[in-house]
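Colleague: Structure below; questions to follow.
The values are calculated or read from the model by the stated rules, or taken from the named source; none is laboratory data. These figures come from a predicted structure and were not determined experimentally. Positions of Cβ are generated from backbone atoms using ideal geometry, with glycine treated the same way; all protein chains shown enter the neighbour counts.
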Amino acid sequence: MQFWIIQGLNSLSLGGLLFLLSSGFSLIFGLMRLANLTHGAFFMLGAYFGATALRSYEGLNLWVAALGAGLAVAALGGLFERLVLTRLKSNPLGQVLVTLGMSFIISDLCLVLWGGDPIPIPTPPSLSAPTRVFGFVFPTYRLVLVGCAIGAAAALYLLLERTRVGAMIRAGVDDMQMARAVGIPVTRLFTLVFCLGAGIAGAGGVLGGPILSAYPGLDGDMLPLALIVVILGGIGSLLGAFVGSFVIGFIYTFGTALFPELAYIILFLPMIVVIAFRPQGLFGRVGA
Amino acid sequence: MIKTIAFAIFAGLLLVLPLAAGDYYVNLASQILIAAIFALSLNLLVGYGGMTSLGHASFLGVAAYACALLSGRYGLGHGPAALISVAGTTLMAALFGLIALRATGLGFLMITLALSQVLWGLAYRMSNVTNGDNGLSGLTRPAPFGIPLDNAASFYWFALIVFAVAFVLMAVFVSSSFGSSLKGVRDQPRRMAALGFNPWMIRWITFIYAGFWGGVSGLLYVYYNKYIHPTSLSTTSSAEALLSVIAGGSGTLGGPVVGATLVMLLKNYASAYVERWNMLLGLVFLFIVLVMPTGIIPGLRKLASRKKGASQ
């Protein structure tokens with residue numbers, strides 16, 4: 001029983017992390033029609049930023065570090081979008097290739113700057129004591145992490161559905177030409193959404209740090225999971241990213257725990273089933 | 001006429017290369033030939049079919065692993081091992097095609113990337129089969145018709161023969177009427193469907209054919225290196241091939257060969273001085289896409305036709 005509950009919680013916390021990664025990916029894809037393959041690298045970069053900050057300033061709060069790393073990655077993402085991606089507006093394939101090239105550059109730079117050894121990110125001391133609920137012992141940090149993801153989901157939902165900027169983004173997703181025609185500054189929205197997505201990924205890297213730590217290859221481990229989440233949930237759908245994240249979180253965690261060698265094959269299955277019966281994904285409106 | 005003569009001279013030079021050059025260059029040439037077959041097979045998808053795959057390394061890697069396992073661990077002869085691994089890879093391509101071709105465009109790209117990443121992860125984690133990060137070593141090269149391929153020159157000639165066959169068969173494929181329908185599906189899928197063609201089937205057959213040649217390049221790859229590691233399945237490996245296709249010029253027959261040559265030369269020379277191949281690869285990607293989006297061969301062709309126009 002303890003095994004199932006603990007693994008269930010691990011699944012939830014991995015799902016939460018995946019949501020922080022894939023929601024931005026999905027938003028960017030929905031608005032910009034851009035498969036941002038740099039996203040895993042943003043996550044890793046955030047983790048390294050956070051780890052470095054926490055290492056150099058004793059007693060720095062994890063949340064402050066996450067916020068700072070998120071902002072830093074958002075700024076870098078914005079630069080990349082402004083300087084490179086806007087030049088390739090009419091060339092979607094070129095954009096994907098550039099993001100791929102950028103991900104190689106970032107991951108190699110991280111290897112140069114931070115070396116090959118993993119850098120741990122400590123769990124905040126106030127959250128390192130386990131929580132007891134109904135006689136079961138839970139690692140507190142993981143519970144908090146799930147809360148963070150749900151909070152981020154709620155914030156994103158409110159942003160998209162309840163604010164003026166959100167309405168503009170939705171208009172851009174639905175009909176770019178029309179949105180431009182009625183005077184919505186779509187180009188600026190692109191930058192905004194790209195920064196937002198990159199920032200969430202970067203902050204997610206720090207928040208995932210106490211579980212995953214920062215290591216070379218983190219990007220390559222996370223990006224495929226995010227891709228599968230987005231394919232599963234439906235590209236461009238926030239709800240899809242949310243549901244998909246937790247589904248993949250569960251499948252991957254239990255797969256790894258029960259059949260360690262086959263975990264990757266088990267990941268295949270839900271993706272194949274969804275692609276076979278609903279190629280646009282569970283909550284996607286249109287195929288990519 | 002000039003073209004034919006130039007081609008004949010070039011082919012002749014390729015044939016006699018081992019007589020003139022040292023082992024280092026002959027080995028480099030073999031690697032280029034292997035990369036060229038791989039890039040050509042990807043070009044069938046990217047250039048002629050309009051299907052940009054970021055998971056083509058799956059076919060190279062799986063064929064290589066299958067061959068290494070069958071001949072190394074299970075003691076199968078080289079002939080049957082090669083046949084089974086290429087046949088298995090082709091079958092896998094048929095399966096992957098069924099999945100990936102549910103989508104087109106960026107969806108296709110993401111699915112192929114996800115599938116290949118899953119295989120890459122498997123190669124790392126299933127260490128009792130693949131030996132994980134250590135890779136499989138101690139493999140041997142085959143000796144077709146009793147001719148051992150262990151020295152650089154004989155392997156080069158073997159690779160050259162395979163390359164020539166692959167090049168001709170892929171050229172025939174794209175210039176056939178099927179190839180025309182493939183290009184039709186790339187440019188106007190709905191019109192092709194209205195004309196009674198089945199775009200999906202055309203794409204699927206192409207995907208399988210490309211997977212087959214990807215598998216063949218994987219065989220050569222494992223014969224050449226006598227060693228196989230999960231990196232052969234990595235995104236870097238797929239990306240190198242995609243870069244070769246795009247740098248050389250997708251949708252041309254010469255482009256991927258030129259591109260593969262450049263990428264391999266760059267990889268070999270750069271890695272002799274700096275260890276940062278991935279960074280360089282990324283920078284070259286940015287450079288090519290931003291500066292030379294149509295690739296080298298179409299760029300040169302445009303230049304030539306402009307010159308012709310000027311002289312007339």
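Colleague: Could you tell me whether any residue of region A:245-264 is under 20 Å from A:Glu81 (Cβ atoms) and not charged (D, E, K, R)?
Modeller: no
Colleague: So the check is Cβ under 7 Å with 6+ separation or different chains; which pairs have a first residue in region B:219-238 that's closer than 15 Å to B:Thr89 by Cα and a second one that's surrounded by fewer than 20 Cβ atoms within 10 Å (Cβ to Cβ) and of a type in the set (Val, Ile, Thr)?
Modeller: Going by the 7 Å Cβ cut-off, the qualifying pairs are B:Leu220/B:Val162.
Colleague: Right, next: What's the number of the condition B:Thr112 fails, among (1) among the polar types (S, T, N, Q); (2) out of contact with any His (no Cβ under 9 Å at 6 or more places or on another chain); (3) more than 7 Å from chain A (Cβ to nearest Cβ); (4) under 23 Å from A:Gly220 (Cα atoms)?
Modeller: Every condition holds for B:Thr112 apart from (2).
Colleague: Separate question: May I ask you to say which residue of A:Ala257, A:Ala149, A:Ala153 is assigned to a helix (DSSP H, G or I), away from every other protein chain (no Cβ under 14 Å) and over 26 Å from A:Ser107 (Cβ atoms)?
Modeller: Unique residue meeting the criteria: A:Ala153.
Colleague: Separate question: Among (1) part of a helix (DSSP H, G or I); (2) closer than 30 Å to A:Leu71 by Cα; (3) of a type in the set (A, V, I, L, M, F, W, C), which single condition is A:Met271 missing?
Modeller: For A:Met271, the failing item is (2).
Listed here are the residues, each with its yes/no results for (1) modelled with pLDDT of 90 or more; (2) within 14 Å of chain B (Cβ to nearest Cβ); (3) surrounded by fewer than 24 Cβ atoms within 10 Å (Cβ to Cβ); (4) part of a helix (DSSP H, G or I).
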site: A:Gly8; (1), (2), (3), (4): no, no, yes, yes
site: A:Gly16; (1), (2), (3), (4): yes, no, no, yes
site: A:Leu20; (1), (2), (3), (4): yes, no, no, yes
site: A:Ala35; (1), (2), (3), (4): no, yes, no, no
site: A:Gly46; (1), (2), (3), (4): yes, no, no, yes
site: A:Leu60; (1), (2), (3), (4): no, no, yes, no
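Colleague: May I pose another question? Return only the number of the condition from (1) at pLDDT below 90; (2) in a helix (DSSP H, G or I); (3) more than 30 Å from B:Ile246 (Cα to Cα) that A:Gly68 does not satisfy.
Modeller: Exception for A:Gly68: condition (1).
Colleague: Right, another one. Output the qualifying pairs, or none if there are none: Cβ atoms under 9 angstrom, residues six or more apart or on different chains, first residue in region A:112-133 and within 14 Å of another protein chain (Cβ to nearest Cβ), second residue charged (D, E, K, R).
Modeller: A:Val112/B:Arg276
Colleague: List pairs: first residue in region B:152-176 and more than 13 Å from B:Val257 (Cα to Cα) and modelled with pLDDT under 90, second residue of a type in the set (Val, Ile, Thr) and part of a helix (DSSP H, G or I) anywhere in the structure, Cβ distance under 8 angstrom, at least six positions apart or on different chains.
Modeller: B:Ala152/B:Val26; B:Ala153/B:Val26
Conditions tested, residue by residue: (1) without any contact (Cβ under 8 Å) to a residue 60 or more places away in the chain; (2) within 12 Å of another protein chain (Cβ to nearest Cβ); (3) not basic (Lys, Arg).
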{"position": "B:Leu243", "(1), (2), (3)": "yes, yes, yes"}
{"position": "B:Leu253", "(1), (2), (3)": "no, no, yes"}
{"position": "B:Asn278", "(1), (2), (3)": "yes, yes, yes"}
{"position": "B:Thr294", "(1), (2), (3)": "yes, yes, yes"}
{"position": "B:Leu300", "(1), (2), (3)": "yes, no, yes"}
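Colleague: Can you confirm whether B:Tyr227 is surrounded by fewer than 21 Cβ atoms within 10 Å (Cβ to Cβ), over 23 Å from B:Leu122 (Cβ atoms) and either more than 11 Å from chain A (Cβ to nearest Cβ) or among the basic types (Lys, Arg) (or both)? Break it down into steps so the answer makes sense when it comes.
Modeller: Numbers: surrounded by fewer than 21 Cβ atoms within 10 Å (Cβ to Cβ): yes; over 23 Å from B:Leu122 (Cβ atoms): no; either more than 11 Å from chain A (Cβ to nearest Cβ) or among the basic types (Lys, Arg) (or both): yes.
Taking the combined requirement at face value, the residue does not satisfy it.
Colleague: Run down A:Ile169, A:Ile121 and say which single residue is modelled with pLDDT under 90, under 20 Å from the mean Cα position of the chain (by Cα) and more than 28 Å from A:Tyr57 (Cα to Cα).
Modeller: On the way: A:Ile121 fails: more than 28 Å from A:Tyr57 (Cα to Cα).
Step by step, each of A:Ile169, A:Ile121 is checked, and only A:Ile169 is modelled with pLDDT under 90, under 20 Å from the mean Cα position of the chain (by Cα) and more than 28 Å from A:Tyr57 (Cα to Cα).
Colleague: Looking at region A:76-106, which of its residues are surrounded by fewer than 18 Cβ atoms within 10 Å (Cβ to Cβ), among the polar types (S, T, N, Q) and within 8 Å of another protein chain (Cβ to nearest Cβ)?
Modeller: Selection gives A:Asn91 alone.
Colleague: So A:Gly284 clears everything in (1) at the interface with chain B (Cβ under 10 Å from one of its Cβ atoms); (2) within 21 Å of the chain's Cα centre (by Cα); (3) outside any loop (DSSP other than H, G, I, E, B) except one condition, right? Which one?
Modeller: Failed condition: (3).
Colleague: Still on this structure: What residue, of B:Trp204, B:Trp200, is touching a residue at least 40 places away in the same chain (Cβ under 8 Å), touching a Gly at 6+ places or on another chain (Cβ under 9 Å), among the aromatic types (Phe, Trp, Tyr) and assigned to a helix (DSSP H, G or I)?
Modeller: Exactly one of B:Trp204, B:Trp200 is touching a residue at least 40 places away in the same chain (Cβ under 8 Å), touching a Gly at 6+ places or on another chain (Cβ under 9 Å), among the aromatic types (Phe, Trp, Tyr) and assigned to a helix (DSSP H, G or I), namely B:Trp204.
Colleague: Would region B:253-268 turn up any residue that is hydrophobic (A, V, I, L, M, F, W, C), outside any helix (DSSP H, G or I) and within 18 Å of the chain's Cα centre (by Cα)?
Modeller: Yes; the residues of region B:253-268 include at least one that is hydrophobic (A, V, I, L, M, F, W, C), outside any helix (DSSP H, G or I) and within 18 Å of the chain's Cα centre (by Cα).
Colleague: Being in a loop (DSSP other than H, G, I, E, B) and either on the phi < 0 side of the Ramachandran plot or within 21 Å of the chain's Cα centre (by Cα) (or both) is the requirement here; does A:Pro210 meet it?
Modeller: no
Colleague: Next up: Could you please tell me which pairs satisfy a Cβ distance under 7 Å, a separation of 6+ or placement on different chains, a first residue in region A:238-263 that is free of Cβ contacts under 8 Å to residues at least 12 places away in the same chain, and a second residue that is β-branched (Val, Ile, Thr)?
Modeller: These pairs meet every condition: A:Phe259/A:Ile266; A:Ala263/A:Thr256.
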